[in-house]
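A.B. asks: I am attaching a structure below and will ask some questions about it afterwards.
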Amino acid sequence: MAKRAPILEVKDLVAHYGTIKVLDGVSFDVQHGEILAVCGASGCGKSTLLKHVIGLLKPTSGTIHMWRRDIASLDEEQFNEIQTRFGVSFQSGGLFNSLSLYDNLAMVINEHKKYEPEITDAIIRSKLAMVGLEHAQHILPSELSGGMKKRAALARALALDPELVFFDEPSAGLDPITAAGLDELLLNLRRSLGLTVVVVTHELNSVHNVADRILMLDRGKAIFFGLQDEIEHSDNERLRQFFSRQADAAMTTRNVDVED
Amino acid sequence: MAVELENRDPLLLRVTGDLSEDNGRELFTAVESLIAAKRDRVVVELSAVEVVDSVGCAYLCRAQEHARKGGLALSVLGARGGPAQFISLFSSSLARSKPLPRPHVGFLEGIGDKVFAAFAEIKQFGLLMVETIYWSFIAPFEKKGVRWAGVWDEGYEIGFRAVGIVMIINVLLGLIIAMLSAAQLKMFNAEIYVADLVTIAFTRELAALMTGIVVAARSGSAIAAELATMVVQEEVDALKSMGFNPTKYLVTPKIFSMVICMPALTILAMVAGISAAFMLGVFQFGISAEVWGTQTMNALTVENITLGLAKSLCYALVIVIVGCHNGLRVKGGARGVGIVTTRSVVMDIFFIIVVAALFAAASVITT
Ligand SMILES: Nc1ncnc2c1ncn2[C@@H]1O[C@H](COP(=O)(O)OP(=O)(O)OP(=O)(O)O)[C@@H](O)[C@H]1O
Ligand SMILES: [Mg+2]
């Protein structure tokens, strides 16, 4: 798996919101066909990391390469081309609320590709069924439950057969059965299409089932990046705490940290 | 060619390389022509396919469906590994996902729905009005509290920041009316009566009306958008669930600050319009400041000023209630917020004119 050049390579990413430093020198890479889980306590900068990697926010310093191209150096047209090669599902869904689920997918496909209408239709229906939403084709996102929105966002991220997908907490708000179904879908797509996945998740179960490697963030720093088994041998206190689900004795101190 | 037809028994369609858009379409056309040629059996051979994607699978599924309808027995054989898995994932998903009809509303049903919706809206509006009046003008005297902090914040936004634009608009309007009327009165050498005309018009009608329209555009829209966004993001539900009354917490502070700001802005607007006419009279028509001033003071009656301020109070209530009403009944997401915001400004201006007309009618009847 590690033979080819990495699909995504992030080096020393530093990012600020205003004057507050949110990411502090994060480096990692993702190989073709790999599933990388990004973990970390709430508010540690996972979503922010994702938004920088997909080019929505500009980092203060550091570089991001996708398919060996520096995304900061791309012009709009080149970036658009790269954009069709990855799919994103945001933490709060990011669906267009005025369009039905079907039209949400149709809009993305028709914007980038010119398929025959029957083909587009088949792709949309099949993708919705993959996430278990075949009965909800013409429903507006505002009429869906939270978990259904998540799944719809996932279907939309997969609409264009991307090579790389980013999921921000796909299983938050889902029951264990549906969540396991989504994990299974990711694994299936990886096996069949060689899909590469970067998934932000708190679900230790799903980390365990799907992830090849794990990136663990803590207060904006990458405190661990490596294979699952290495975690057990790691001597990092926070890391073992996270993965053994120990209640956080440091919770109070951390909140004080955040505030000042 | 990556889709080849081998003429043996049974007929064989062999796909090599990838099953994506081009090969998929080719496969589909080949199957179509076999159906047209009334062949009865074909095998699609995929053992040489290395890559598939959704488009290719969609063509394959479509070919299968057409073959079934056209009486062609089509079997797919030989797919291996990843492609086989994806084809089975895609086609089983597609088979589960029957095309559903888009919701469609008939013409008469549409009219019926609109009528019901209109009645429902009137009821909603009435309820909000009753609640607002209770929480704003009755509850405070029952010692149920007012959120004064909210009132000052809103007051700054609604009132103080609107002073500039209200003044400018009324100065310009004062100049326009003075010039228009002066052009007519000049024929009778009666330019001095412009002072009366402008003074009466502004105190009685125009100052309140123009202020109402400016505030409706500035703050009526802001109120609607703010509440609509809160509804969309479930903030209003959160308030209710924690035992806060949304009318008390969201509408009442706006009512108070609007009730304070509108009359204040209206007085400034009166001053602006009347002084604009004064400037014009003195510097343009060459009438002495004293004469114009006395004429203006004579036209300035307590009755007219009170009437103007009363109107501005009514406009204040209209703007807040219409804004909140529209904001709270938002449906959908971002688009819904836009719709109710526009709707609220249009309704504001409509109701402001209606109220002005009612006042005019009332004064005709009483005199
Ligand atoms: N738009 C923003 N402006 C300013 N600060 C922000 C913004 N978005 C996030 N932050 C701050 O950046 C930090 C990281 O936020 P981020 O959303 O990346 O956390 P997260 O790891 O995704 O958390 P969660 O698991 O709860 O989703 C937080 O402390 C947050 O307060
Ligand atoms: Mg997040």
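A.B. asks: Could you list B:206, B:313 in order of exposure, starting from the residue whose Cβ has the fewest other Cβ atoms within 10 Å?
C.D. replies: Ascending number of Cβ neighbours within 10 Å: B:313, B:206.
A.B. asks: Oh, and also: Per residue of segment B:196-208, what does 6.51 cos²θ - 1.76 cosθ + 1.60 with θ = phi - 60° give for ³J(HN,Hα)? Whole Hz please, x for Gly and Pro, Karplus curve as stated.
C.D. replies: 4, 4, 5, 4, 5, 4, 6, 5, 7, 10, 5, 4, 5
A.B. asks: Over the Cα atoms, compute the radius of gyration (one decimal) and Dmax (the largest Cα-Cα distance, rounded to a whole number) for segment B:268-310, in Å.
C.D. replies: 11.5, 35
A.B. asks: What distance in nm separates the two pseudo spin-label positions at residue B:190 and residue B:2, each 7 Å out from Cα along the beta-carbon direction?
C.D. replies: About 9.1 nm separates the two model spin labels.
A.B. asks: With 20 Å bins from zero, work out the P(r) of the protein assembly as shown over every alpha carbon pair and list the percent per bin.
C.D. replies: 15, 33, 29, 17, 6, 0
A.B. asks: Please list, in chain and number order, the residues 5+ apart from residue B:19 or on another chain whose amide H is under 5 Å from its amide H, with Hs placed from the backbone.
C.D. replies: B:50, B:51, B:52, B:53
A.B. asks: What Kirkwood Rh does segment B:3-94 have if only Cα atoms enter the pairwise 1/r average? Answer in Å.
C.D. replies: For segment B:3-94, the Kirkwood estimate is 12.8 Å.
A.B. asks: Cut-off 10 angstrom, C-alpha nodes, Gaussian network model of chain B. Which of B:284, B:85, B:233 fluctuates the most?
C.D. replies: With Cα springs under 10 Å in chain B, the top fluctuation among B:284, B:85, B:233 is at B:85.
A.B. asks: Over segment B:3-94, what is the mean sequence separation of C-alpha contacts under 8 Å (at least six apart), divided by residue count, expressed as relative contact order in percent?
C.D. replies: 32 percent.
A.B. asks: Please report B:196, B:9, A:161 as a ranked list, fewest other C-beta atoms within 10 angstrom at the top and most at the bottom.
C.D. replies: B:9, B:196, A:161
A.B. asks: Something else about it: Between segment A:187-219 and segment B:1-32, what's the alpha-carbon centroid distance in Å?
C.D. replies: Between the Cα centres of segment A:187-219 and segment B:1-32 lies a distance of 37 Å.
A.B. asks: Something else: Using just the alpha carbons, could you tell me how many Å³ per residue the convex hull of chain A encloses?
C.D. replies: Enclosed volume per residue, from the Cα hull, is 144 Å³.
A.B. asks: Right, another one. For a quick check, take a GNM of chain B with Cα springs below 10 Å and name the residue from B:65, B:157, B:109 with the largest mean-square fluctuation.
C.D. replies: B:65
A.B. asks: Can I ask one more? Run the quick spin-label model on residue A:77 and residue B:123: label points 7 Å from Cα toward the beta carbon, then report their separation in nm to one decimal.
C.D. replies: Going from the residue A:77 label point to the residue B:123 one covers 5.9 nm.
A.B. asks: What 222 nm value per residue comes from the helices of chain B, counting each DSSP H run with n ≥ 4 as -39,500 (n - 2.57) and dividing by all residues, nearest 500 deg cm²/dmol?
C.D. replies: Here the helix-only value at 222 nm equals -23000 deg cm²/dmol.
A.B. asks: Would you please calculate the Kirkwood hydrodynamic radius of segment A:139-192 over all C-alpha pairs and express it in Å, rounded to one decimal?
C.D. replies: Evaluated over segment A:139-192, this radius sits at 11.8 Å.
A.B. asks: Need one number: convex hull volume per residue for segment B:76-223, Cα atoms only, in Å³.
C.D. replies: Hull volume normalised by residue count: 381 Å³.
A.B. asks: Also: Please turn the phi angles of segment B:344-351 into ³J(HN,Hα) values with the Karplus equation 6.51 cos²θ - 1.76 cosθ + 1.60 (θ = phi - 60°), one per residue in order, whole Hz, x for glycine and proline.
C.D. replies: Values, residue by residue: 5, 5, 4, 5, 3, 5, 4, 5 Hz.
A.B. asks: Give me the three principal axis extents of segment B:125-366 from the C-alpha atoms, as integers in angstrom, largest value leading.
C.D. replies: 69, 40, 35
A.B. asks: Which residues' amide hydrogens lie under 5 Å from the amide hydrogen of residue A:195, considering only partners 5 or more residues apart or on another chain, with H built in the peptide plane?
C.D. replies: The answer is A:190.
A.B. asks: Report the percentage of all Cα-Cα pairs in segment B:314-353 whose separation exceeds 11 Å, rounded to a whole percent.
C.D. replies: More than 11 Å apart: 57 percent of the Cα pairs in segment B:314-353.
A.B. asks: Moving to a separate point now. Any idea what diffusion coefficient segment A:112-225 gets from Stokes-Einstein, in µm²/s, Kirkwood Rh on alpha carbon pairs, 4 °C, 1.567 mPa s?
C.D. replies: Approximately 85 µm²/s, per Stokes-Einstein.
Any read-out appearing in this document is the output of simple, stated calculations on the displayed coordinates, not a laboratory observation. Not measured: the values here are computed from a predicted model. Cβ sites come from the backbone with ideal geometry, for glycine too, and all protein chains shown count toward neighbours.
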